[in-house]
Each structure stands twice: as C-alpha cells, then as structure tokens.
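Data first, discussion second: the structure below is written as structure tokens.
A short reminder: the numbers here are calculations on the coordinates, not readings from a lab. None of the values given here were measured: they were computed from a predicted structure. We place every Cβ from the backbone using ideal geometry, glycine too, and count neighbours over all the protein chains shown.
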Amino acid sequence: MTGSPDWEDERLTALADGCGVVVASVAYRLAPEDPYPAALDDVTDALAWATLKGRGEYRVQRVLVAGESAGANLAVAAMVRLRDRLGSVAVDGAALAYGFFDLRLTRSARRMPRPFLGLDAATLTWFRAQYAAAEAVSNPELSPVLADLSRLPPALMVVGTADPLRDDSVLLAGRWRAAGNAARLHLVPGGAHGCDLLPFDSPAARELVRARSRFIDEILCGGPGGS
C-alpha cells in the first residue's frame, strides 16, 4: 500500500555502492487501487527479467532478490511462481527483512505488546483487507509460509525481536530449511518493524543493515548464505 523507488533511492544507492552491485527497484502497483494479484504480477515480471535478460544486459553472474515487509512477501511469492512456471528459479539468494509472510496473523502479530508506530493486529488486518479482501488468507500466494518452498535459493530472514511480524520470519526460516534449502535467521535485539527506515540511527538499524550486507557479500562470493 505504501512505498516507492524514490523513497528507497538513498538506501539502495548506499547498498549498491557498499556491496558493489547493480540494484533494480520495482515500482509495483499498490493497493487498494490495484489489489492482489497486481503487485505480485509486477514483481514476478521484474524478477523474470532480472534472471533472464538482466544478467546479460548488466553482465552480472549472480542475481539476488530482496524485500522488506510486504516486499519480502512478494519476493518469496514471485520466486515460487517462477519456479512453478519454469521448473527452476535462477536466483542465487534472497535477503528478506521483517516480512509479512502469514496473512492469517502469527502469534506475535496478534499479541505483541505496545505496538511500535501502531503496527498491531488491527492495523495488519486492515492492510490485508486493502490488498486481498476477496481472497482466502490461506492462499500460498498471499501467505507464502504455506507455499511449497522446495528448490529455492539460500535466504536470510532478518527481523527485530520487538517487531509484531517476528514470528513470520521465524516460521518461514523453519519451513525454508524443512524444504531442503539453506536459511539464516537473524534476530535483532530490540529491533522494531522497519527500524532501518526510520529517520534516525539506532543499534538495531545498524545491525540489520550489517546482517543484510554480509549475506549479500557471501552470496556474491559464492558462499552458502545459510546457517
């Protein structure tokens, strides 16, 4: 529902410079004007381009996908879609930050005390209704924690311990490993939802950014990326 490439431009420029990578940001359509599956269609098309034509156009050997919050949800769902359509997904790693992976609402989403910036069960339920009011929340394209996660790349799930979506990342990491993939779960002590997006510095934000950059560096160097 919110966000844009312009909003992310400064941080993505820092990521490109710090890790020595080309970063493509997807201006996917937003709800409620364009509900599911519009955003997922856009992200799937962008990821297909990156893994096929993008490799040659930018002369890169490795492709990673990254996303935050709803963007992390879309990143996973797009990889699953491409795998099902093409038989495999040519992505070398996935950096997933504080994703909303279970739209049924996990225990932490329903019961986290003292929500930060109003992100609580009521707010998450409202966001969900704007995106997919007519869809069953058990649809794996909406709740990718329920999807078949086999044959997906090494992934980082990084989330703060004070984030209502903490359990989403914990559950997804377990399912990722159970499907036979490498997964690294990094819990940031005291980190709130989107702590790296806030207009002030914090130890939690620095730790989250370091964890993501370290994972990307490992994937670029051919490392396993899991734990």
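Counting DSSP beta bridges with both partners in the chain, what percentage is antiparallel, nearest 5?
0
Based on DSSP H assignment, which helices of the chain show an axial Cα extent of at least 18 Å together with a mean Kyte-Doolittle hydropathy greater than or equal to 0.5?
Flagged H segments are 70-86.
Return the inverse of the average 1/r over all pairs of distinct C-alpha atoms in region 1-133, which is the Kirkwood hydrodynamic radius, in Å to one decimal. Walk me through the intermediate numbers first.
Numbers: mean 1/r = 0.0623 Å⁻¹.
About 16.0 Å, per the Kirkwood formula over Cα pairs.
So which trypsin sites (Lys or Arg not before Pro) in region 17-63 end up in coil per DSSP with only 11 or fewer other C-beta atoms within 10 Å? Don't skip to the end; give the middle numbers.
Details: sites: R29, K53, R55, R59, R62; in loops: R29, R59, R62.
Sparse-neighbourhood loop trypsin sites (Lys or Arg not before Pro): R59.
For region 180-227 and region 46-73, what is the separation of their Cα centres, given in Å?
Rounded to whole Å, the Cα centres lie 18 Å apart.
Could you list, bin by bin from short to long, the percent of Cα-Cα pairs of the chain in 5 Å steps?
1, 7, 15, 20, 22, 19, 11, 4, 1, 0
With a sphere of radius 14 Å drawn around the Cβ of D84, what net charge do the other residues whose Cβ falls strictly inside it have (Lys, Arg +1; Asp, Glu -1)?
Spelling it out: positives minus negatives among the neighbours equals +2.
Rg and Dmax in Å for region 143-220, alpha carbons only: what are they?
That works out to 13.1, 39 Å for Rg and Dmax.
Under unit Cβ charges (Lys, Arg +1; Asp, Glu -1), what dipole magnitude, rounded to 20 debye, does the chain have relative to its Cα centre?
Values: 24 positive and 27 negative charges, 164 e Å.
With Lys and Arg at +1 and Asp and Glu at -1, about 780 debye.
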